[in-house]
Amino acid sequence: MLSAPSAAPVLHALPAAPSRSAAIPPAKTRPALYLSVLAAWAACLWWFHPRLWSLLGMAGTPLEYASLAFFVAFVELAWLYGLYNLGIVAFALYVRRHPALTAHPAVRIDPAAAPAIAVLYTTCNDFVEHSAESCVQQDYPDFRVYLLDDSTDAAYQARVDAFAARFPDRVEVIRRPDRKGFKAGNLNHALQVAAVREPYFAIADADEILPPDFLSRLAPVMEADPQCGFVQAAHRANPAQQSPLAQDLGIGIDLHWQWYQPLRNRYGFVMFLGHGALLRRSCWEQAGGFPDIVSEDLGYAIRIRELGYRGRFAEDVVCFEDFPETVRAFRVRHMKWTRGTCEFLYRETGRLLRARRIPWMEKLDILMPTLNLPLTLFYFAFMVNANLLMPALFGAERPLTLEVAGQTWIWPVTALDAGFNRIFTPDFFAITLMTFFAPVMCFMLGLAHRPARLFRFLSHSTALYAALGPLSAAGVLSFLATRKAVFLVTGDTAAGQERTRSIRRWWQELTGRSHPDHPVIRGFELAAGLLFGWVCIRSFQISFLGLCLAFILLPLMHRLGWQHPVMKRLVWIPFSLVLIGLMLSGLSLAGMQTVFFGYGFHF
């Protein structure tokens, strides 16, 4: 076991390894994808913006003007994201018909001259023996496994030590005296004091299963392309997981990786995703190590791109990773991603925009997915504006008459001013549907041949993913209050469970970590769901009512579990309400009068 010396360690510089296989040309980025997306967005703005902008003529006060202007701006931004997702799907379909566009040339390496590789397995109270075994069972001739143990639980430390004792010639345990820098600090420490001789190093997460040929497939790519700073392998959901939540939603991992990541070799920025990758040590040294942020992977990829290196995505090398086994773990991971992304944008956006060696389309490919999480705060503000403020400013109560089987019911609802009828048209309905379904288009196409499985997945993912708006908004707000992010360990079942009677400590826990276990976080989600749900009933918005029900169910599932008998039945309702609302809005275009197709449906 090694620990950090008292003085700051010196990075051990190693010369770049000589090529031992046929060279492959460096990867190049084409702007076609983002040129197409931006052109389609410009066309939509040209067609729709005049009618949207004309809504501002209804404003008679600064508050009314601000409300309408925010509505218009967010709607048009949402169109951009919808077109971005459609562009990804369209180009992915094109690439699938022309696989040579993103395929790597076949290269091999002489086993006798294979460069040494360090395999860095990171763990913090979440050690998985089967995953560690996959690191040891590589068919590569020269590698060593380093268990980077940040665990604070003595039981997990004992398990790590027992595993290392089984492979004394292959495995070494590395611990450090503190957890400064979270995962980035753990990796930097190991590369400074232990894994110093290997010109390449691989990174594996605690729950990751590497294929036996992981190193032997990726090392030749690095050797053949000196400008390749890392090779990122593909990932699929671990088929051996027994968790019902993982079995229901793990397929989403598979489909997302298959559609979104391969395109980046040719049309975007290949991101280092923190694990399941092989990296060049000399790049790490030139970049000054991993940046001390929660999203150290993306920050590192940008730094080496500035240095002239580029990543490659290896679609044909597949690792398995666990889907969070509980709703609580899923929410913990999402909060880590939300605050970590906010921290990345806060600290790294200026560097990215100033980087001269990163083309504009690669910058867009970084910002589009990373801005998505912080923008959930604006999405939450949009819901407040569209469902509370705008009805108060531009709405009026009107009776809605329902006649079913000879029975008549009169329902008082809040309807918007007739001036909004200019956007209740078939073309607006079409672009709204596009924006609504574009993020799940890859899942719809991937599961189109299994309609029952598709409906099951969309129903379950609506109750889980679509319900994250209030949680994400809470994470963004807490980051804005502290300007800090904390690396929450998904598999650590104890973190966040502690209770304190100190008001100051309670407030620090809320703003400093915003852990989903905190009662205020869950209370905020429940309050948002109940408030918006009441508004939906008042305005007869059936689809949005389904989303509000999901807001309420998510913190309840955090407490009760995915398999709770009541939750197992309720998770089907949100998506069903969404579909009912869509059908009613379609009928309204055919002549049936419904109140639903309005402002609340757009997003």
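The values are calculated or read from the model by the stated rules, or taken from the named source; none is laboratory data. Computed from a predicted structure; not experimentally measured. Reconstructed Cβ throughout: ideal geometry from the backbone, glycine too, with neighbour counts over all protein chains shown. The accessibility values were calculated without ligands, DNA or RNA, using every heavy atom of the protein model including side chains. Shrake-Rupley method; radii C 1.70, N 1.55, O 1.52, S 1.80 Å.
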| Suppose R0 equals 35 Å; then what is the FRET efficiency for residue 167 and residue 247 from their Cβ-Cβ distance, rounded to the nearest 0.05? | 0.65
| Surface accessible to a 1.4 Å probe, residue 315 within the full protein complex, Å² | 80
| task | Kindly provide the pair-distance distribution of the chain built from C-alpha pairs, with 20 Å bins from 0 and whole-percent values in order of increasing distance. | result | 18, 51, 26, 5, 0
| query | Of the peptides 366-374, 459-467, 184-192, how do they stack up when ordered by the mean number of other Cβ atoms within 10 Å, highest first? | reply | 184-192, 459-467, 366-374
| request: Take the Cβ-Cβ distance between residue 155 and residue 527 as r, set R0 to 45 Å, and report the resulting FRET efficiency rounded to the nearest 0.05. | output: 0.75
| query | Taking the mean number of other Cβ atoms within 10 Å as a proxy for protection, how do you rank 223-229, 61-67 from highest to lowest? | reply | 223-229, 61-67
| note | Projected onto the charge dipole of the chain (unit charges on the beta-carbon of Lys, Arg, Asp and Glu, signs +1, +1, -1, -1), the Cα from 381, 238, 59 with the largest positive-side position is that of 59
| message | At 0.36 nm per residue, and after removing the present C-alpha to C-alpha distance, how many nm does the segment from residue 371 to residue 417 gain when stretched out fully? | response | 13.2 nm
| request: Compute the long axis of helix 214-224 from its Cα atoms, compare it with the longest principal axis of the Cα atoms of the chain, and write down the angle in degrees, 0 to 90, nearest 10. | output: 80
| request: Could you work out how far helix 296-306 tilts from the main Cα principal axis of the chain, as a 0 to 90 degree angle to the nearest 10? | output: 70
| Dipole size in debye (nearest 20) for the stretch 40-150 around its Cα centre, Lys and Arg Cβ +1, Asp and Glu Cβ -1? | 820
| field | Ordering of 290-297, 377-384, 427-434 by burial proxy (mean other Cβ atoms within 10 Å per residue, highest first) | value | 290-297, 377-384, 427-434
| note | Rounded to the nearest 0.05, FRET efficiency between residue 32 and residue 351 (Cβ-Cβ, R0 30 Å) equals 0.70
| note | The simple spin-label model distance between residue 507 and residue 425, using points 7 Å out along Cα→Cβ, in nm, is 5.2
| Label-point separation (nm) for residue 49 and residue 316, each offset 7 Å from Cα along Cα-to-Cβ? | 4.5
| note | Projected onto the charge dipole of the chain (unit charges on the beta-carbon of Lys, Arg, Asp and Glu, signs +1, +1, -1, -1), the Cα from 418, 300, 74 with the largest positive-side position is that of 418
| field | Helix axis angle, 469-482 relative to the chain longest principal axis, alpha carbon, degrees | value | 60
| task | Can you work out the accessible area per residue across the chain, with the rest of the protein chains kept in place, probe 1.4 Å, in square angstrom? | result | 42
| remark: Relative contact order of the chain (C-alpha contacts under 8 Å, at least 6 apart) in percent is 16
| Rounded, prolate or oblate (a/c below 1.5 giving rounded, otherwise prolate when a/b exceeds b/c) for the stretch 161-254 by Cα gyration tensor | oblate
| Beta bridges by DSSP in the chain, antiparallel share as percent, to the nearest 5 | 40
| note | Percent relative contact order for the stretch 143-220, counting Cα pairs under 8 Å at least six residues apart, stands at 27
| note | Scoring the stretch 230-369 by relative contact order with C-alpha pairs under 8 Å, at least six apart, yields a percentage of 36
| Residue separation times 0.36 nm, minus the C-alpha to C-alpha distance between residue 58 and residue 455: what's the value? | 138.8 nm
| Using 0.36 nm per residue, how much length does the chain from residue 388 to residue 433 gain when fully extended, once their Cα-Cα distance is taken away? | 13.9 nm
| request: Just tell me the longest site-free run in the chain, where the sites are trypsin sites (Lys or Arg not before Pro) in a DSSP loop having at most 16 other beta-carbon atoms within 10 Å. | output: 198-355
| request: Grab the other residues whose beta carbon is less than 9 angstrom from that of residue 555, score K and R as +1, D and E as -1, and report the net. | output: +2
| field | residue 133-residue 583 pseudo-label distance in nm [points 7 Å out on the Cα-to-Cβ vector] | value | 5.0
| said: Checking the table 28/336; 180/568; 183/363 against a 29 Å threshold on Cα-Cα, which pairs fail? | reply: 28/336; 180/568
| remark: Treating only Lys and Arg (+1) and Asp and Glu (-1) as charged, each at its beta carbon, one finds that the chain has a dipole about its Cα centre, in Debye to the nearest 20, of 840
